[in-house]
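Single-structure report; data block below.
The values are calculated or read from the model by the stated rules, or taken from the named source; none is laboratory data. Remember, predicted model here, so these are calculated numbers, not experimental data. For neighbour counting, all protein chains shown are included, and Cβ atoms are generated from backbone atoms with ideal geometry for every residue, glycine included.
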Amino acid sequence: MADSHGLKNIMEDLVFEKLEEIMTKLASCQCENCKMDSAAYALNHLPPKYVVSDRGELISRTQYMDKGQYEMDVTMAVINGVSKVMEHPRHDD
Ligand SMILES: [Zn+2]
């Protein structure tokens with residue numbers, strides 16, 4: 001998925017890390033559709049955070065993760081996204 005060089009939005013990683021945990025907590029549908037819809041919603045409500053993906057990634061990411069406020073923002077955005085998708089899933093079961 002990630003290129004060896006180039007820009008990477010680490011928000012995507014943060015959102016996907018939280019996604020499974022929150023979907024499990026909220027007992028939401030965990031099909032691929034609902035996962036992607038929830039992730040898209042969350043990412044649309046978070047500012048992108050780009051790092052250079054060769055060698056910059058780990059360092060920037062560690063610094064980034066130290067800041068608890070972002071973790072809270074990501075958690076809230078994912079909770080909102082999962083909740084929205086639970087209300088209006090793109091399938092009927
Ligand atoms: Zn689903």
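Yes or no: Cys34 surrounded by 13 or more Cβ atoms within 10 Å (Cβ to Cβ), at pLDDT 80 or above, in contact with a Lys or Arg (Cβ under 8 Å, 6 or more places away or on another chain) and not aliphatic (A, V, I, L, M)? Yes, satisfied.
Looking at the structure I just gave you, is Tyr41 modelled with pLDDT of 95 or more and aromatic (Phe, Trp, Tyr)? For Tyr41, the condition - modelled with pLDDT of 95 or more and aromatic (Phe, Trp, Tyr) - is met.
Taken together, the residues in region 24-45 that are outside any helix (DSSP H, G or I) and either within 11 Å of Val85 (Cα to Cα) or within 14 Å of the ligand (Cβ to nearest atom) (or both) amount to 6.
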